[in-house]
Each structure stands twice: as C-alpha cells, then as structure tokens.
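Chemist: Below is one structure. I have some questions about it.
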Amino acid sequence: QACLRASGWRIDGAMPDVAKLVIIVAPHTSNWDFILGVAAIYALRLRVKFLAKDTLFRWPMGVLMRWLGGIPVDRSQPHGVVAQVVEDFKLRDRLALAVTPEGTRKAGARWRAGFYHIALGAKVPIVPVTFDARRRVIDIGAALQPGGDAATDIARLQSFCSGGLRRISSRPPTTGQIN
C-alpha cells in the first residue's frame, strides 16, 4: 500500500472473496504495468500466479519471475496451455491467475480468448483490472462468471477495461455482473 501511495496510485474496488479466479489486466501497454501489478498484489495481500512469455524466465530474471508467481509460456508452442491451466485449477484449493488478454504490450492488440476458456473450463469467475494512468487508479471490476457466450462476455470485459463501464459506488464487486 505504501509503494502505491508514494507513487500517487490508489486501488478502487476489491477482489471478491473466492478461492479461485482469473484476473485479467488490460490494456497492457507498458512494462510499468507489471511493477504496478506487483505493488497492487502486495497491497491487496494476494497470492497470484501469472502467465508470461518464456523469454522473461531466463537468467537472472527467471529467479525473480518464478518467485513472484510467474509461469512461463512458450508462445511459439502455445497449444495445450489452456488445458494445463484448467487442470491446475482442479488440483488446487486456491488459485488466482493473472493474465493479460492481449498477450503483448502492443497498443490496440486484439484480445486472445485463452483466459476466457481457462475460466470457463475451471468454472471460475473473471475479474477485470485496468490501470488508469490519468487518474492514477487501479480499477478492479466486478467478477463475471463466464456463461459460455464468449463474444458477449468478452465484449463486456473489454468495455470495462476501455473505460466504458465504471463502478458507480465503492462497494466490493459481486460475482456475476460488471457494474
């Protein structure tokens, strides 16, 4: 919390009190997103795993990335990652998995649906998070339980992450809807 406060950032919203969830962070346009994300994880006292490209796990960064909860993904061979992560959810009592749906820092990159299929297969909610640099706010949206209509659900998540949907009150998010 102190790191965020010192840098002028604050958190708006709260993570739902559930044992398992997928957290999506979008848009992902800067390396600073990672540093802010780590600060937010510690401020919220969360234990989070995250998927990241395997090249970030080379020496010496690899030691830190794994310690922070990183799981390397070989983007040249991405097949099977969704099934592996769904299985990991089934084997654990608690798991919070953070993913950037674009899979890259390029502005305007299209969202990949892997995060959605992970949440759907694991039967866990998706919580959207976005960094609003203008307001210096990390916005945590309400959890969305995927219903199987990927296009509709992803469009709602994208709307929140692009600023189209915002929380009106400061109450914690509830599973099932985005305010």
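The values are calculated or read from the model by the stated rules, or taken from the named source; none is laboratory data. These numbers were taken from a predicted model, which means no experiment stands behind them. Side chains are part of the model used for accessible areas, which takes the heavy atoms of the whole protein and leaves out ligands, DNA and RNA. Shrake-Rupley method; radii C 1.70, N 1.55, O 1.52, S 1.80 Å.
Chemist: For a test of the definition: using alpha carbon positions, the gyration tensor, and the 1.5 limit on a/c, classify the range 1-92 as rounded, prolate or oblate.
Modeler: Since a/c reaches 1.5 but b/c is at least a/b, the shape of the range 1-92 is classed as oblate.
Chemist: Under a 1.4 Å probe, what is the accessible area of the range 7-151 per residue, stated in Å²? The partial results should precede the final answer.
Modeler: Numbers: 8070 Å² over 145 residues.
Value for the range 7-151: 56 Å² per residue.
Chemist: A further question on this structure: Once you have a ≥ b ≥ c as the square roots of the Cα gyration tensor eigenvalues for the range 18-156, tell me rounded if a/c is under 1.5, and otherwise prolate or oblate according to whether a/b is larger than b/c. If you can, show how the numbers build up before the last one.
Modeler: Values: a/c = 1.26, a/b = 1.07, b/c = 1.18.
Taking the square roots of the gyration eigenvalues as a ≥ b ≥ c, the range 18-156 is rounded.
Chemist: Please list the non-local residues whose amide H lies under 5 Å from the amide H of ARG75, H modeled 1.01 Å from N, same-chain partners needing a gap of 5 or more.
Modeler: Under 5 Å from the amide H of ARG75: ASP54.
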